[in-house]
Amino acid sequence: MSFFRDFLKMFKKREIVLVESGKESEEVYTFRFKKDSDVNWIAGQHGLFSITHKKIKNALKPFTVSSAPTENYIQLTMRIGHNPSEFKRAMLELKPGMKVNMTGPVGTFHPGDTGRPLVMIAGGIGITPFRSILKQIEAEARSGGNPIHLLYLDSKQSYLFQEELEELAGHLPLHVTYLDTRDDLHREIDTLTAKYKNDGQYLIAGPKSMVSDIAAFVQNKQISKRNIKKDSFFGY
């Protein structure tokens, strides 16, 4: 049934209106759009967004919605470096009241059974779906006391949403570990896969190469593919 819902969403395009935007860190920006009452998604999903205020090549791009469905806005958070793509330059041009098109959100990157331990592994900007997922778990008060671990790898140690994550850790059975090397991440994964084995769910999000490598590392710990979900970010 979820497949058909996603299939139908792929054909529904809507305009969304920018409310505000701001800088999270030196190269990361957040854009908040008005959320109409009939818009809904599952925390962790992504939408397809297109620029409408000017003509550009490759005007359609996928981005995770970093807000939870229970929040009253649609939030996108993206890395925009010193030499951004034409799409991202167009995003920086947006002012409140201007619009982009959104299709979806869709996707399967979300926890299945909340009655199991959850291990979330984020690389850099890959924190965005986890913010959405954790905010939704908090809003629905549905963790059931099952442990949630967030392993957050960022070699620049910028750690987006850190204050929000610390606040969430005070309300949920959530333990956040901030890491800046792949070796440290491997050690944490060793500990958690030994503890939870295939009783756990393992969600991995970040740049494509990082997600592929870490998924293979987790699988080598005798974790079944069906217990691993991946969200690869392209262009980073």
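Read-outs: derived from the displayed coordinates by stated rules, not from any lab. Since we're looking at a predicted model, the values are computed, not measured. Cβ atoms come from the backbone with ideal geometry, glycine included; neighbour counts cover every protein chain shown.
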**Message:** What do you get for the angle between helix 128-140 and the principal long axis of the chain? Use alpha-carbon atoms, 0 to 90 degrees, nearest ten.
**Reply:** 80 degrees
**Fill in**
A student applying the Cα gyration tensor rule (rounded when a/c is under 1.5; otherwise prolate if a/b is larger than b/c, oblate if not) would label segment 1-160 oblate
**Item:** Gaussian network model of the chain, springs between alpha carbon atoms under 10 Å - residue of GLN219, GLN75, GLN45 with greatest fluctuation
**Value:** GLN219
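Per DSSP H run of n ≥ 4, the term is -39500 (n - 2.57); total these for the chain, divide by its residue number, and report the mean residue ellipticity at 222 nm rounded to 500 deg cm²/dmol.
Working: 6 runs with 66 residues, N = 236.
The per-residue figure over the chain is -8500 deg cm²/dmol.
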**Request:** Evaluate the relative contact order of the chain (contact order divided by residue number), counting alpha-carbon pairs under 8 angstrom at least 6 apart; express in whole percent.
**Result:** 19 percent
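My understanding is that a pair violates if its Cα-Cα distance is over 30 Å; which of LYS55/LYS135; LYS135/LYS208; LYS35/LYS197 do that in this structure?
Working: LYS55/LYS135 35 Å; LYS135/LYS208 24 Å; LYS35/LYS197 39 Å.
Violating the 30 Å limit, Cα to Cα: LYS55/LYS135; LYS35/LYS197.
Just want to confirm a number: the relative contact order over segment 111-178, from Cα pairs under 8 angstrom separated by 6+ residues, in percent. All intermediate terms of the calculation are to be shown ahead of the outcome.
Numbers: 88 pairs, mean separation 26.4, N = 68.
Relative contact order of segment 111-178: 39 percent.
How would segment 113-192 be classified by its alpha-carbon gyration tensor: rounded, prolate or oblate, with rounded meaning a/c under 1.5 and the a/b versus b/c comparison settling the rest?
On the way: a/c = 2.19, a/b = 1.40, b/c = 1.56.
It is oblate, given that a/c is not under 1.5 and a/b is not larger than b/c.
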**Message:** Among 81-87, 153-159, how do they line up by average Cβ neighbours within 10 Å per residue, starting with the highest?
**Reply:** 153-159, 81-87
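Is segment 142-236 best put as rounded, prolate or oblate by its Cα gyration tensor, with a ≥ b ≥ c the root eigenvalues, rounded for a/c under 1.5, and otherwise prolate when a/b is larger than b/c, oblate when not? Present the calculation step by step, with values, prior to reporting the outcome.
Working: a/c = 1.62, a/b = 1.07, b/c = 1.52.
Since a/c reaches 1.5 but b/c is at least a/b, the shape of segment 142-236 is classed as oblate.
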**Item:** Sorted by Cβ neighbour density within 10 Å, fewest at the top, the residues HIS46, HIS171
**Value:** HIS171, HIS46
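When you count, for each residue, the other Cβ atoms within 10 Å and take the mean per peptide, how do 132-138, 146-152 rank with the highest first? Walk me through the numbers on the way to the answer.
Details: 132-138: 23.3, 146-152: 21.1.
The densest-packed peptide leads the list: 132-138, 146-152.
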